[in-house]
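**Q** This is the structure, below, for whatever I ask next.
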Amino acid sequence: MNKRSFLKNAGLIGLGSIVDPGSFSRLMESVAQIPSRELAEDENFWSRIRAGYRLKPDYINLENGYYCILPQQILESQIRHLREINYQGSYYMRTVQFENKKKMADKLAELAGCPSEEMIITRNTTESLDMIIGGLDWKPGDEAVMAEQDYPSMLNMFRQIAARYGVVNKIVSVPNDPSSDEEIVNLYANAITDKTKLLMICHMINITGHILPVQKICEMAHSKGVEVMVDGAHAFGHFRFTIPELDCDYYGSSLHKWLSVPLGSGILWVKKEKIRKIWPLIASGVTDPDNILRLNQIGTHPVYTDLTVKESIDYYNMLGAERKETRLRYLQHYWTDKVRDLPHIILNTPSDRSRSCAIANVGVKGIKPGELGDILLKKYRIYCAPIDGAAVHGCRITPNVYTSTKELDVLVKALKELG
């Protein structure tokens, strides 16, 4: 189907009908032959996607980085799973709970391109990475390397092991607009010594949207005998990659962000030969040291969230990883290209288009981030996340696939008027 035919047919699709997975599937089939780059600019198509969300009209939500709102069809699936588990009660929990969770982990492993025996479902990135930080066998004088732009929860965990075990934490600062991959690699390389045990890096820095050259950093660290743990909270389901191609040792992510799984779901990937060296945060009945399920004891929890992983992956696959990534990149550059060269604007996100996707961070000279966030909300009805620290001073702007260019026009108008 060509674009003209699609636009004609798309107009026949009722707004509410996109909640139905069948209608959503037919919509995706109708655009199968349209290149992702062309479709990324088609507001008519993306308005059909937007129709599948229930959005609060009080503000323009440009803070999808904390939690991406679920499409209605995924939300309805979660509610259906909740009802069914409530209906079955303890019978479900005692019979198929763990079998079903393993099935969902297998689906996530397939999406990540890794063996299923290396993947578990956790509750979020913090739990996943704190499992590694707290589970390694640290000795006094061991060193860990990280960046001040890393997520506070993990930095706090490193502070705890420093206080508890005598570990030395070495903290670097990642430039907001690097000149090359080598600049980033060398930054970390210069912090490594013969006492370094673990290097933590972000796949995408949450406060700026900066995508780091993970594979190159891992290659460098491994050449020095150092393991690498990657914070992928904002990468999984955001842009395309497989975990094995990164060549890291540990990887954690939150599924409630870009994969649109309900709150309370994350992943931990551990390279097979590394599993036995990690102590679980909560003791497990699994005794095989090479079984990753030994790290997956979290007690009784909302298992209906785990079950909704299937519908979230189905939605992601139907929408298409390439379509989604291309649209998200388009949305970010739609607004950043319009303001980047303004003299009063500070963009804290790399200018190199390959180093970012949906997330960007913008500041206005003479206006503190908190004040800027208040102005954007109160005057322009834009909700975003002010960031004031770690060499980043501005507001994080995070659109999602339901975001329209008209909404971003409001942001551009606001930033221009604040000059």
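**Q** Answer with yes or no whether ASP194 is touching a Pro at 6+ places or on another chain (Cβ under 6 Å) and acidic (Asp, Glu).
**A** Answer is no for this residue.
**Q** Now for a separate question. For the stretch 308-330, how many residues are under 17 Å from the mean Cα position of the chain (by Cα) and of a type in the set (Ser, Thr, Tyr)?
**A** Number satisfying all stated conditions: 4.
**Q** Given the conditions (1) surrounded by 15 or more Cβ atoms within 10 Å (Cβ to Cβ); (2) closer than 30 Å to ASN361 by Cα, which single one is not true for ASP177?
**A** Tallying (1) surrounded by 15 or more Cβ atoms within 10 Å (Cβ to Cβ); (2) closer than 30 Å to ASN361 by Cα, ASP177 fails exactly one: (1).
**Q** Okay, moving on. I'm checking my understanding of the structure. Among residues of the stretch 46-83 that are assigned to a helix (DSSP H, G or I) and without any contact (Cβ under 8 Å) to a residue 12 or more places away in the chain, which one is nearest to the chain's Cα centre (by Cα)?
**A** Going through the qualifying residues, I end up with ILE79.
**Q** Could you please find all residues in the stretch 398-416 being crowded, with 21+ Cβ neighbours inside 10 Å and among the β-branched types (Val, Ile, Thr)?
**A** THR398, VAL401, THR403
**Q** Still on this structure, please answer the following. With respect to GLY166, is the statement that it is farther than 24 Å from ASN296 by Cβ, among the small types (Gly, Ala, Ser) and buried (at least 23 other Cβ atoms within 10 Å of the Cβ) true?
**A** no
**Q** Further question on the same structure: Can you tell me how many residues within the stretch 228-245 are surrounded by fewer than 21 Cβ atoms within 10 Å (Cβ to Cβ) and outside any loop (DSSP other than H, G, I, E, B)?
**A** Going through the stretch 228-245 one residue at a time, the tally reaches 2.
**Q** Name the residues in the stretch 315-328 that are over 11 Å from VAL261 (Cα atoms), part of a helix (DSSP H, G or I) and not hydrophobic (A, V, I, L, M, F, W, C), would you?
**A** Residues satisfying the conditions are ASN317, GLU322, ARG323, LYS324, GLU325, THR326, ARG327.
**Q** So, in the stretch 335-353, how many residues would count as being in contact with a Pro (Cβ under 9 Å, 6 or more places away or on another chain) and either crowded, with 21+ Cβ neighbours inside 10 Å or among the aromatic types (Phe, Trp, Tyr) (or both)?
**A** Number satisfying all stated conditions: 1.
**Q** Would you confirm whether or not the stretch 32-40 contains a residue that is at pLDDT 95 or above, farther than 30 Å from PRO244 by Cβ and surrounded by 12 or more Cβ atoms within 10 Å (Cβ to Cβ)?
**A** yes
**Q** Out of the residues in the stretch 384-415 that are within 20 Å of GLU43 (Cα to Cα) and among the β-branched types (Val, Ile, Thr), which is nearest to the chain's Cα centre (by Cα)?
**A** Here the residue is THR398.
**Q** Go through the residues of the stretch 133-141 one by one and say whether even a single one is over 14 Å from LEU281 (Cβ atoms) and assigned to a helix (DSSP H, G or I).
**A** No, because not a single residue in the stretch 133-141 is over 14 Å from LEU281 (Cβ atoms) and assigned to a helix (DSSP H, G or I).
**Q** Any residue that is more than 23 Å from HIS210 (Cβ to Cβ) and touching a His at 6+ places or on another chain (Cβ under 7 Å) - is there at least one of those in the stretch 306-318?
**A** The answer is yes, given that some residue of the stretch 306-318 is more than 23 Å from HIS210 (Cβ to Cβ) and touching a His at 6+ places or on another chain (Cβ under 7 Å).
**Q** I would also like to ask the following. May I ask you to list the residues in the stretch 92-132 that are hydroxyl-bearing (Ser, Thr, Tyr) and in a helix (DSSP H, G or I)?
**A** Answer for the stretch 92-132, where residues must be hydroxyl-bearing (Ser, Thr, Tyr) and in a helix (DSSP H, G or I): TYR92, THR95, SER116, THR125, THR126, SER128.
**Q** For the stretch 246-279, which residues satisfy the criterion of being under 15 Å from the mean Cα position of the chain (by Cα) and not in a loop (DSSP other than H, G, I, E, B)?
**A** Listed by number, the residues that qualify are TYR251, GLY252, SER253, SER254, GLY266, ILE267, LEU268, TRP269.
**Q** Let me ask something additional. Please work out which one of (1) outside any strand (DSSP E or B); (2) surrounded by 22 or more Cβ atoms within 10 Å (Cβ to Cβ) is the condition CYS395 fails and give its number.
**A** (1)
The values are calculated or read from the model by the stated rules, or taken from the named source; none is laboratory data. What you see is a predicted model; the values in this text were computed from it and never measured. With ideal geometry, Cβ positions are generated from the backbone for all residues, glycine too; neighbour counts draw on all protein chains shown.
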